[in-house]
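Peer 1: Please see the structure below; I have some questions.
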There are 2 protein chains.
Amino acid sequence: MNSCLSLSRRTYFQGGSNEQAAKIEDYERYISRPEVERYMVDCMTSINVPADRALMLAKNLTEADVRGHFSHGLNRLAMYVSDIQNDLCDPHADPKILKEGPATGWIDGCNTLGVVVGEFAMNLAIKKAKETGIGWVTAKGSNHFGICQWYTAMATRENLMGMASTNTSPLVTPTRAQETVFGTNPIAIAANGKKDGFILDMSTSSVAVGKIEMQLRKGQALPSKGWALGTDGKPTTDANEAFYNGKGLMPLGGEEINSGYKGYGLGMLVDILCGIMSGSNNGPNIRHWNNYVGEVANLGHFFVAIDPDYFAPDFKDRLQDLMDHLRQLPPADPAKPVLVPGDPEEIAMKEVAQNGGIFYTTDHIVTYRSLAEKLNVRPMQHRTRPQ
Amino acid sequence: MNSCLSLSRRTYFQGGSNEQAAKIEDYERYISRPEVERYMVDCMTSINVPADRALMLAKNLTEADVRGHFSHGLNRLAMYVSDIQNDLCDPHADPKILKEGPATGWIDGCNTLGVVVGEFAMNLAIKKAKETGIGWVTAKGSNHFGICQWYTAMATRENLMGMASTNTSPLVTPTRAQETVFGTNPIAIAANGKKDGFILDMSTSSVAVGKIEMQLRKGQALPSKGWALGTDGKPTTDANEAFYNGKGLMPLGGEEINSGYKGYGLGMLVDILCGIMSGSNNGPNIRHWNNYVGEVANLGHFFVAIDPDYFAPDFKDRLQDLMDHLRQLPPADPAKPVLVPGDPEEIAMKEVAQNGGIFYTTDHIVTYRSLAEKLNVRPMQHRTRPQ
């Protein structure tokens, strides 16, 4: 039986009272990218993470925030700190290759930081792709590795197509079931066109937990019956029930009649590629994300790099033509232009550049001031007060 | 601009009047698998398809019906006949390898039957996988190749994991757009467990056109706003409008708020892997399925075979454990057990075995009696009248 019925988040550090929260002004919530990275490095080195690895992690997490994926950025720093302090992750260990073929690799992450495992594994996949046209690498013994896109970008910088995926703690309930088995199991695939790129980075759940939390905070119902299951294991639109007492997120597609079984199949596929192939924990055996004690994550990932030049010439031109075609399509709502996967993140990055910083929630600011105090590091310096 | 707003099917042969239809009795609609194959071979050889290829095609199409995917079986035979008779497909041509790497292959299908291209390409992927752990093959210049699972089964018979995918004629409208760009772009992935297998074979659209047609015939509305767009490019639940005058199917997930952009991204991904990589037609350049004249399909496919033994040992045991875990989960509705991808097809196959034949619709029976007459071949022999 599943002992974890709730989607509600584990609290690593007390985020302060509402009274404190009310004191945070808007300009205090903008933090520049280098400053976020500086702060993360300081936090990590304060708990004896080697400086080079602290920087790898800081760059990886900050990239998520800059791209608008706040769930995977600063938001996760507290979990990293907690896992390292509780000896659930060893930031000093080195990943090692357990098996190698001409186009394949199998890696033991040796329970070090996910980003260290991920970069090690994707570098191996890239090396193989340069030698044989394709590299396919799986890793076990890993931890949270940030956004999948971090690794596909390593491949596209080398003009390869990249894929990356990871299994994650159970949150999604298979079609017809009433307990969580799979995580939100994200998958990313990226490829370069002539001018810009296709960057798909998506979870295989219907929505992220954060979206349900957002409806709850706004006091609104869930907009469809395809997001989450209620206490009775049936779809619900009650955000409170879904978040605190529900039977899990629904897979992409939602209800069975709307093909939710396809999202369930995709989530399972991710775990086959990541967990079953690598021999890491998989599905229901992965620690639950809000009630583990003393359990290592032992997550599995997979990484693929492919050289399009091994196939038809002029790949980039055709991809650019297709992307350009899509972007110029007349939208159903003139206020909402047709986008290509990766465009929403481009928009988020432009906003950060225009604003001179990443705009964090009050929760983020309060939580990470508190963490700074606990770790005795300098808090993040925000934008100056407007004149 | 998209000149094809309708999802309604192209009619290859007149299926007879309702009066005729009324005369078809239930027992006349059960046809044994060998008899369906015999009939298909006869049809194909009557239009000068070589006997060995006629048999390949017959086995491929019949497998779809036996597995319950009626849209891809006998239902498509008329299209094959029409394309060959109109010189839009050359059943005599041989596929050829255009480029080869240690783990990759690029193939020109030379506009022959899709199943011939598909088997040729998957055999190459399997050969590569045995040599290097993985084989990744793309093909251009192809035609409709039946169910993707046909090719993944070639890999699993060799104890490899298999993937197969194809692009298809535009039917799905990207999120926010109001014209079709991508096909239902299916993808299949299969792998063997210790006792049985994981077989995911899914389109990246929310639902198949056939499901909308079914609601129409039943005189019922579409059960959600996530299936199809209406005349105004906005989601509709009017089956008639969606089928005859709508702006296309919606991608898996449905509306944007329910993450339909993920299904759109997956459909685009399939076309990048199949069309953009192989240099075949892609997306909006593929002929529309109900109004092409004189246009060859030039479809693209991709095929992957991977040897799990290049990674962690005991892959099959772990996969079986996961599948067994899923199947024993208490269902939300006791009448609907939790299934694993591939189980619905197993159930369909058992039914065919129990019934001593495939159960076709009246439409099928009438249409294919008519085709038998046109091609001067023996009609399909149905089950005998019950005593």
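Coordinate-derived values only; no laboratory data. Model, not experiment: these values are computed from the prediction. Cβ: placed from backbone, ideal geometry, glycine included. Neighbour counts: every protein chain shown.
Peer 1: With a/c under 1.5 counting as rounded, go ahead and sort chain A into rounded, prolate or oblate using the C-alpha gyration tensor (a ≥ b ≥ c being the square roots of the eigenvalues; past the cut-off, prolate if a/b is larger than b/c, else oblate).
Peer 2: Numbers: a/c = 1.19, a/b = 1.13, b/c = 1.05.
Cα axes put chain A in the rounded bin.
Peer 1: If you don't mind, another one. In nm, one decimal, shortest first: how far is the label point of A:Lys195 (7 Å from Cα along Cα to beta carbon) from the matching points in the other copies?
Peer 2: So the label point of A:Lys195 gives 5.6 nm to the other copies.
Peer 1: Also, quick follow-up: At a Förster distance of 41 Å, what's the computed FRET efficiency of A:Ala335 paired with A:Asn159, Cβ-Cβ distance as r, to 0.05?
Peer 2: Details: r = 36 Å, r/R0 = 0.87.
After rounding to 0.05, the efficiency reads 0.70.
Peer 1: Going through the cross-link list A:Lys127/A:Lys194; A:Lys234/B:Lys211; B:Lys59/B:Lys99; A:Lys128/A:Lys211; B:Lys218/B:Lys374, which pairs have a Cα-Cα distance over 27 Å in this structure? Walk me through the numbers before you get to the answer.
Peer 2: Values: A:Lys127/A:Lys194 23 Å; A:Lys234/B:Lys211 23 Å; B:Lys59/B:Lys99 29 Å; A:Lys128/A:Lys211 39 Å; B:Lys218/B:Lys374 31 Å.
Violating the 27 Å limit, Cα to Cα: B:Lys59/B:Lys99; A:Lys128/A:Lys211; B:Lys218/B:Lys374.
Peer 1: Provide a whole-number value for the mean count of partner chain Cβ atoms within 10 Å of the Cβ atoms in peptide A:196-209.
Peer 2: On the way: counts 0, 0, 5, 1, 8, 1, 8, 2, 3, 2, 5, 5, 1, 0.
Going residue by residue through A:196-209 and averaging, the value is 3.
Peer 1: Any chance you could run the full-extension gain for A:Lys195 through A:Lys127? It's 0.36 nm times the residue separation minus the Cα-Cα distance, nm to one decimal. Mind showing how you got there, number by number?
Peer 2: Details: separation 68, 0.36 × 68 = 24.48 nm, distance 2.48 nm.
In short, 22.0 nm is gained.
Peer 1: Please report, for A:Asp26, the nm distances (one decimal) from its label point, 7 Å out from Cα along the beta-carbon direction, to the equivalent points in the remaining copies, shortest first.
Peer 2: 7.0
Peer 1: Considering amide H positions built from the backbone, and no H for Pro or chain starts, which residues 5 or more places from A:Ala177, or on another chain, come under 5 Å of its amide H?
Peer 2: Residues meeting the amide H criterion: B:Ala332.
Peer 1: Measure off 7 Å from each Cα along the Cα-to-Cβ vector at B:Lys350 and A:Arg378, then give the distance between these two points in nanometres to one decimal.
Peer 2: With each label placed 7 Å out from Cα toward Cβ, I get 6.8 nm.
Peer 1: Please report, to two decimal places, log10 I(q)/I(0) for segment A:278-387 at q = 0.24 Å⁻¹ as given by the Debye formula with identical point scatterers on the Cα atoms and no solvent.
Peer 2: -1.25
Peer 1: Quick check: pseudo-label points 7 Å beyond the Cα along Cα→Cβ at B:Lys23 and B:His92, how many nm apart are they?
Peer 2: About 3.9 nm, to one decimal.
Peer 1: Here's another thing I want to ask about it. Could you run the Debye sum over the Cα atoms of segment A:211-267, one equal point scatterer each and no solvent, and tell me log10 of I(q)/I(0) at q = 0.18, 0.24 Å⁻¹, two decimals?
Peer 2: With no solvent term, the Cα-only Debye profile gives -0.53, -0.86.
Peer 1: Using the Karplus curve 6.51 cos²θ - 1.76 cosθ + 1.60 with θ = phi - 60°, work out ³J(HN,Hα) for each residue of segment A:43-58 in order, rounded to whole Hz, and write x for Gly and Pro.
Peer 2: 4, 5, 5, 5, 10, 6, 6, x, 4, 5, 6, 4, 5, 4, 5, 4
Peer 1: Stretched out fully, how many nm does the piece from A:Asn245 to A:Asn290 gain, at 0.36 nm a residue minus the Cα gap?
Peer 2: Numbers: separation 45, 0.36 × 45 = 16.20 nm, distance 1.34 nm.
Contour length minus the Cα-Cα distance gives 14.9 nm.
Peer 1: For segment A:153-300, compute Rh as the Kirkwood radius over C-alpha pairs and then the Stokes-Einstein diffusion coefficient at 10 °C and 1.306 mPa s; write the answer in µm²/s, rounded to an integer. Before the final figure, lay out the partial values.
Peer 2: Numbers: Rh = 16.0 Å.
Once the numbers are plugged in, D ends up at 99 µm²/s.
Peer 1: Summarise the partner chain shielding of A:128-139 as one whole number: the mean count of Cβ atoms from other chains within 10 Å of each residue's Cβ.
Peer 2: Details: counts 5, 3, 0, 4, 10, 12, 11, 2, 9, 1, 4, 1.
Average neighbour count from other chains, rounded to a whole number: 5.
Peer 1: Taking amide hydrogens as modeled 1.01 Å from N in the peptide plane, which residues meet the under 5 Å criterion relative to B:Leu88, leaving out close sequence neighbours?
Peer 2: Correct list: empty.
Peer 1: So, one more: For A:Asn167, what is the net charge nearby, where nearby means another residue's Cβ is under 14 Å from its Cβ and Lys, Arg count +1, Asp, Glu -1? Don't skip to the end; give the middle numbers.
Peer 2: Values: positive: A:Lys140, A:Arg287, B:Arg318; negative: A:Asp271.
It works out to a net charge of +2.
Peer 1: For A:Lys59, A:Lys23, what ranking results if the residue with the fewest other Cβ atoms within 10 Å of its Cβ goes first? All intermediate terms of the calculation are to be shown ahead of the outcome.
Peer 2: Working: A:Lys59 17, A:Lys23 10.
Listing A:Lys59, A:Lys23 from fewest to most nearby Cβ atoms yields A:Lys23, A:Lys59.
Peer 1: Right, here's the next one. If you take the Cα Rg of the protein assembly as shown and divide it by 2.2 N^0.38 Å, with N the number of residues, what do you get?
Peer 2: On the way: Rg = 26.5 Å, N = 774, 2.2 N^0.38 = 27.6 Å.
Computed over Cα atoms of the protein assembly as shown, the ratio equals 0.96.
Peer 1: Further question: Which distances in nm, rounded to one decimal and ordered from shortest, link the label point of B:Glu351 to the equivalent label points in the other identical copies, with labels set 7 Å from Cα toward Cβ?
Peer 2: 4.8
Peer 1: Mind sorting A:Thr204, A:Thr168, A:Thr236 by how few other Cβ atoms lie within 10 Å of their own Cβ, fewest first?
Peer 2: On the way: A:Thr204 28, A:Thr168 25, A:Thr236 21.
By the 10 Å Cβ count, ascending: A:Thr236, A:Thr168, A:Thr204.
Peer 1: Give the order of A:Asp333, A:Asp83, A:Asp238 when sorted by the count of other beta carbons within 10 angstrom, beginning with the fewest. Could you put the intermediate results ahead of the total?
Peer 2: On the way: A:Asp333 11, A:Asp83 21, A:Asp238 17.
By the 10 Å Cβ count, ascending, the order reads A:Asp333, A:Asp238, A:Asp83.
Peer 1: Express as a percent, rounded to the nearest 5, the fraction of DSSP beta bridges in the protein assembly as shown (both residues included) that run antiparallel.
Peer 2: Values: 74 of 86 bridges.
Rounded to the nearest five, the antiparallel share is 85 percent.
Peer 1: Can I ask one more? List the GluC sites (Glu not before Pro) within segment B:251-311 that DSSP assigns to loop and that have no more than 15 neighbouring Cβ atoms inside 10 Å. Write down the numbers at each step before the final one.
Peer 2: Numbers: sites: B:Glu255, B:Glu256, B:Glu295; in loops: B:Glu255, B:Glu295.
Loop-located and lightly packed - B:Glu295.
Peer 1: Okay, next question. Between chains A and B there is a rotation axis; tell me the chain A residue with the nearest beta carbon and how many whole Å away it sits.
Peer 2: Axis relating chain A to chain B; nearest Cβ residue and distance: A:Ala103, 2.
Peer 1: While we're here: Report the label-to-label distance for A:Glu100 and A:Ala51 in nanometres (one decimal), using points 7 Å from each Cα along the Cα→Cβ vector.
Peer 2: 3.0 nm
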